[in-house]
Amino acid sequence: MATSIATPGSLTARSRRGALGLLAWLCGIMFFLPVAWMVLTSLHSEPDAATNPPSIGASLTLQGYRQFFGASTGVSPWPPLINSFSASLMSTLLVLVLSIPAAYALSIKPVRKWSDAMFFFLSTKMLPAVAGLLPVYLIAKNTGLLDNIGLLVILYTSMNLPIAVWMMRSFLSEVPVEILEAASIDGAGLPTVLTRIVAPVVAPGIAATSLICFIFSWNELLFARVLTGVVAGTAPVFLTGFVTSQGLFLAKVCAAAVCISLPVLIAGFAAQDKLVQGLSLGAVK
Amino acid sequence: MTLTHSLTKRARAPQAAHPAAPPKRSRGAWARRAPLLPALIFMIVVTQLPFVGTVTISFMRWNALDPNNKAFAGLQNYKDAVTDPQLRSSLLTTVSLTATVVLVSLILGLGLALLLDRRFRGRGLVRTMLITPFLVVPVASALLWKHALYNATYGLINGSLTWLWSVFGSDNAPQPDWLSSIPLMSVETSLIWQWTPFMMLILLAGLQSRPMDAVEAARVDGATTWQIFRYLTFPHLRRYLELASLLGTIYVVQNFDAVFTLTGGGLGTANLPYTVYETFYQGHDYGQASAEGVIVVLSSLLVGSFALRTVSSLLREETR
């Protein structure tokens, strides 16, 4: 590691090391501060949340969270949360079902011009989603698919499929082809080959792909806002509804923001390395 | 379960075709292509067909508020779009917003990655704290910045100013209204906060994949820390820097959540996605919105085809 550079004993080297460690800590705290403030505010009462200067030591209350769960309005957050969860989960599954075979055809036994196909997949990510929004809206309106989770599942799948194909290809191309051939010469059936040779290499890739697809679907706002309403509204759309023009709302907005971010935060913390693989389309492992 | 099953089923065809010699592809070619087709067809149907619709509508006079007045309009929508100062300004906003956010978060991300590449007490915890902004749902973080941090009367920034001034016995601390005085910079700051962790994660992975024996050898030969960074670390990182900036651009250029939430596209912060959204969703001018959509796609193709070549060569180098 970089620390072994300076002769370990020398005083200047040690103090420099300490200073850089301190700087790293300061940066970490600076970046974390807004999130910490969000959590603290969510635990304050509405009047305490909106003071200037801030009331850091104000007494803690779960009022904001009670509001999020519909204490005064009677509006439950569960339908939008469940909508978000099912749209994200179903589109992630659909992405896997479509991307794994495709990645197989692009890596282990590559079709001709496989790079053109890869290029096509990635190019769809460069096109602003908003350009296709209107026709999708019109088609949905005429086929009665507006305000339907199914439509979101299809759109989220198309949003994440290119990422997944790139990622899965990069993982599948690590499968040792010689071993695959040797195994099939030795008479190993396809199930054996898949479970013994392919699966161990590819399993982390599937996990990373699922994580990133789930997060992107969970976070999506534009499509959900335009294409859903009362029935299929997702958590991000629900969250925007907490801002009111009258009265204080800061604590409950923060409570709602914490609750809605929680699944992503937990998944991301638990799988930091998978996050990197996913974000870099599998290029960084 | 469904997953393994479908993999087994689809993978069988290419396996069977395997004995055929590679140069001659006839029946085997289709068997090889078969696993690719569902994904390919899905993408064409869901992303390319709507665009055909967009192009068609862009040549029509069609406002949803006046549904009977629907007719072929020729290039009128394009004329209106090109001469519309709002579209031109949103194009510029998109460019400056994307460039600023990507560049600043790349530099900050590099600094943080270099800091985190050294061993120090609590490194894991600092890394976790640093990636947190990226894991907050984007709408939630936009709402957080707008109401809990930027708000002129009770936001944390102005609150801290009040507190800081009062420490020195003054009670007229500056209380700027951040979102109306520096709207674009406010949007950019919140996005930089959100995207720096992304850059840091990719660059940190790059730093940790660098061959340490070369670094050690250089050190033994008396190279300074700066020389090592300049001649060993940086060339190695270059690919990661390019990858991070290109991926960052792909995501930031399409940003909708921050602009929509923080400023509602006002005060010169409307970027292209927001402008198209507004023409369609608030103006209900379908023809105009489609023409704008087509223009957006054409301009991103221009930039995109260059970026794509770089990205795909980068990724291919990595995987093959």
Out of (1) surrounded by 17 or more Cβ atoms within 10 Å (Cβ to Cβ); (2) within 30 Å of the chain's Cα centre (by Cα); (3) under 21 Å from residue A:99 (Cα atoms); (4) not β-branched (Val, Ile, Thr), the odd one out for residue B:32 is which? (2)
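Hey, can you tell me all the residues within region B:59-70 that are free of Cβ contacts under 8 Å to residues at least 12 places away in the same chain, surrounded by 10 or more Cβ atoms within 10 Å (Cβ to Cβ) and over 19 Å from residue B:282 (Cβ atoms)? Full working, then the answer.
Step one: list which residues in region B:59-70 are free of Cβ contacts under 8 Å to residues at least 12 places away in the same chain, which gives B:66-70.
This time we only want the ones that are surrounded by 10 or more Cβ atoms within 10 Å (Cβ to Cβ), so: B:66-67, B:70.
Correct list: B:70 only.
What number of residues in region B:35-52 are in contact (Cβ under 8 Å) with a residue 24 or more places away in the chain and either under 28 Å from the mean Cα position of the chain (by Cα) or assigned to a helix (DSSP H, G or I) (or both)?
Here is the first cut: in region B:35-52, the residues in contact (Cβ under 8 Å) with a residue 24 or more places away in the chain are B:35, B:51.
Those still in the list that are either under 28 Å from the mean Cα position of the chain (by Cα) or assigned to a helix (DSSP H, G or I) (or both) too: B:51.
Here the count works out to 1.
For (1) more than 10 Å from chain B (Cβ to nearest Cβ); (2) in contact (Cβ under 8 Å) with a residue 60 or more places away in the chain; (3) surrounded by 24 or more Cβ atoms within 10 Å (Cβ to Cβ), each residue gets a yes or a no:
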| position | (1), (2), (3) |
| --- | --- |
| A:192 | yes, no, no |
| A:197 | yes, no, no |
| A:206 | no, yes, no |
| A:209 | yes, yes, yes |
| A:233 | yes, yes, no |
| A:256 | no, yes, yes |
| A:265 | no, no, no |
| A:276 | no, no, no |
Could we say that residue A:228 is at pLDDT 85 or above, among the polar types (S, T, N, Q), on the phi < 0 side of the Ramachandran plot and over 13 Å from the mean Cα position of the chain (by Cα) here? yes
Select from region B:167-188 the residues that are under 20 Å from residue A:52 (Cβ atoms) and touching a residue at least 12 places away in the same chain (Cβ under 8 Å) and list them in ascending order. B:173, B:174, B:175, B:176, B:177, B:178, B:179, B:180, B:186
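Looking at this structure, is residue A:45 crowded, with 16+ Cβ neighbours inside 10 Å and more than 23 Å from the chain's Cα centre (by Cα)? Break it down stepwise before answering.
On the way: crowded, with 16+ Cβ neighbours inside 10 Å: yes; more than 23 Å from the chain's Cα centre (by Cα): yes.
So residue A:45 fits the description; yes.
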Residues being without any contact (Cβ under 8 Å) to a residue 40 or more places away in the chain and within 11 Å of chain B (Cβ to nearest Cβ) - total across region A:155-182: 3
When residue A:203 is run through (1) more than 30 Å from residue A:103 (Cα to Cα); (2) of a type in the set (A, V, I, L, M); (3) more than 18 Å from the chain's Cα centre (by Cα), the failure sits at (1)
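Going residue by residue through region B:159-170, is there one that turns out to be surrounded by 16 or more Cβ atoms within 10 Å (Cβ to Cβ) and in contact with a Phe, Trp or Tyr (Cβ under 9 Å, 6 or more places away or on another chain)?
Step one: filter region B:159-170 for residues surrounded by 16 or more Cβ atoms within 10 Å (Cβ to Cβ), giving B:159, B:161-162, B:165.
Adding the requirement that they be in contact with a Phe, Trp or Tyr (Cβ under 9 Å, 6 or more places away or on another chain) leaves none.
There is no residue in region B:159-170 that is surrounded by 16 or more Cβ atoms within 10 Å (Cβ to Cβ) and in contact with a Phe, Trp or Tyr (Cβ under 9 Å, 6 or more places away or on another chain).
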How many residues of region A:123-153 are in contact (Cβ under 8 Å) with a residue 60 or more places away in the chain, facing chain B (nearest Cβ under 7 Å) and under 21 Å from the mean Cα position of the chain (by Cα)? The answer is 2
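So, in region A:10-19, how many residues would count as being without any contact (Cβ under 8 Å) to a residue 12 or more places away in the chain and either within 7 Å of chain B (Cβ to nearest Cβ) or surrounded by 12 or more Cβ atoms within 10 Å (Cβ to Cβ) (or both)? Before you say what the answer is, go through the steps one by one.
So in region A:10-19, the residues without any contact (Cβ under 8 Å) to a residue 12 or more places away in the chain come out as A:10-16, A:18-19.
Keeping just the survivors that are either within 7 Å of chain B (Cβ to nearest Cβ) or surrounded by 12 or more Cβ atoms within 10 Å (Cβ to Cβ) (or both) gives A:13-14, A:16, A:18.
Number satisfying all stated conditions: 4.
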How many residues are more than 9 Å from chain B (Cβ to nearest Cβ) and more than 18 Å from residue A:154 (Cβ to Cβ) when one looks only at region A:211-231? 3
When region A:57-74 is checked residue by residue, the ones that are in a loop (DSSP other than H, G, I, E, B), among the hydrophobic types (A, V, I, L, M, F, W, C) and at pLDDT 85 or above are A:60, A:62, A:69
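Yes/no per residue for (1) closer than 16 Å to residue A:242 by Cα; (2) buried (at least 23 other Cβ atoms within 10 Å of the Cβ):
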| site | (1), (2) |
| --- | --- |
| A:21 | no, no |
| A:38 | yes, yes |
| A:61 | no, no |
| A:71 | yes, no |
| A:75 | yes, no |
| A:88 | no, yes |
| A:100 | no, yes |
| A:112 | no, no |
Is it true that residue A:113 is of a type in the set (Lys, Arg), on the phi > 0 side of the Ramachandran plot and in the same structural domain as residue A:210 (by TED's automatic domain parsing)? yes
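Taking helices (runs of 4 or more DSSP H) that do not extend beyond region B:98-185, which have at least 1 residues that are facing chain A (nearest Cβ under 7 Å)? Steps first, answer last, please.
Numbers: elements: B:123-135, B:138-143, B:156-167, B:178-181.
In region B:98-185, the matching helices (runs of 4 or more DSSP H) lie at B:123-135, B:138-143, B:156-167.
Does residue A:283 fit the bill of being more than 15 Å from residue A:207 (Cβ to Cβ), assigned to a loop (DSSP other than H, G, I, E, B), within 9 Å of chain B (Cβ to nearest Cβ) and under 18 Å from the mean Cα position of the chain (by Cα)?
Numbers: more than 15 Å from residue A:207 (Cβ to Cβ): yes; assigned to a loop (DSSP other than H, G, I, E, B): yes; within 9 Å of chain B (Cβ to nearest Cβ): yes; under 18 Å from the mean Cα position of the chain (by Cα): yes.
Yes: the conditions hold for residue A:283.
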Look through A:105, A:117 and report the one residue that is crowded, with 24+ Cβ neighbours inside 10 Å, free of Cβ contacts under 8 Å to residues at least 24 places away in the same chain and over 28 Å from residue A:242 (Cβ atoms). A:105
Within the group B:205, B:214, B:223, which residue is over 30 Å from residue A:44 (Cβ atoms), away from chain A (no Cβ under 12 Å) and among the small types (Gly, Ala, Ser)? B:214
Filtered residues of region B:133-158 (kept if buried (at least 22 other Cβ atoms within 10 Å of the Cβ) and hydroxyl-bearing (Ser, Thr, Tyr)): B:141, B:150
Quick check on my filter: what residues within region A:98-114 are within 14 Å of residue A:167 (Cα to Cα) and facing chain B (nearest Cβ under 7 Å)? A:98, A:99, A:100, A:101, A:102, A:104, A:105, A:106
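The values are calculated or read from the model by the stated rules, or taken from the named source; none is laboratory data. Predicted model, so just to flag it, every value in this text is computed and none were measured. Glycine also receives a Cβ, built like all others from the backbone with ideal geometry; neighbour counts cover every protein chain displayed.
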